[in-house]
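Worksheet for the structure shown next.
Each reported figure results from applying straightforward, stated rules to the coordinates on display, with no laboratory input. Remember, it's a predicted structure, so these values are computed and weren't measured experimentally. Here the Cβ is made from the backbone with ideal geometry for all residues, glycine too, and neighbour counts use every protein chain on show.
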Amino acid sequence: KTACAQEHASADQILPRSRLRPGGGAGIPPAMLTWGVSRDALLLQKGFHGSPAFVVDAKAVAAEFLAMLLFICFGCGVACGNGASTASDRLSIAFSFGMCILVLAYAIGPHSGGQINCAVTFSLVLGGEVHWCQGLANLAGQLLGSLSGAGILCLVFPCDMDRTGSLGTTAVAPGFTAGHALAGEVVATFLLC
C-alpha cells in the first residue's frame, strides 16, 4: 500500500470511535465530539465532504482535566504539608512540582499533547498547532481541573493546617515594582511556551 492509502485506512479504523455525530446523514456533520480522534484524522476519512466546523476530542479534554487536578493536588499538596521555612522545604516543593509535571507530561502527552498549562494551550492555538475550538475545550478542562484540585486540597488541609504562609501568593516582593514583576512573568511565560 502507498503511504496515502495507509493513512486513509488508519483514518477509517479510527473514525468509528466517534461518540456523537449531530445531524447524522452522509459526510461529516458541522459539529462533532470525538474520543481520541483528531481533526486531521477526520479530514482523511473516506467519502469526506467539506470541513467540520467544530471538532473536539473529549479524550484530550479529559486528559487535561485530570492532569491539572493531579498537578494541583500533588504539587500544592506538598507545599501545604511542608511549608517553606527552610531551604530543604523549598527544594522539596520545587522537586515535587518538577517531578509531577514530568510524570504528567509523559502520561497524558499521547492523549492531549501534555499542555497542562493555559498559556501553553493559548500559544499552541495562536501558532495554529491546535484548532481554536479544541483549544477552548482544553482550556475549560484545565480550569475545571485546577479548581477541582484546589477544592480537594481545601478538604484535605483546613486553613489552620496549611503551612504555606505567603508562599505562592501573587504579591510583589519588597524592592521590586509591578513593572519588574510583569517583565519577569512575560519572560517566564515566553520560555515556557
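Can you tell me which residue in the stretch 102-147 is nearest to the chain's Cα centre (by Cα), limited to those that are aromatic (Phe, Trp, Tyr) and more than 18 Å from LEU33 (Cβ to Cβ)? This residue is PHE122. From the list ALA150, ALA119, the lone residue that is in a helix (DSSP H, G or I), under 19 Å from PHE190 (Cβ atoms), in contact with a helix residue (DSSP H, G or I) (Cβ under 6 Å, 6 or more places away or on another chain) and touching a residue at least 60 places away in the same chain (Cβ under 8 Å) is ALA119.
Looking at LEU70, LEU104, which is the one that is free of Cβ contacts under 8 Å to residues at least 40 places away in the same chain and assigned to a helix (DSSP H, G or I)? Result: LEU104 is the single residue among LEU70, LEU104 that is free of Cβ contacts under 8 Å to residues at least 40 places away in the same chain and assigned to a helix (DSSP H, G or I). Taking the stated definitions as given, is LEU91 without any contact (Cβ under 8 Å) to a residue 60 or more places away in the chain and under 19 Å from the mean Cα position of the chain (by Cα)? No, not satisfied.
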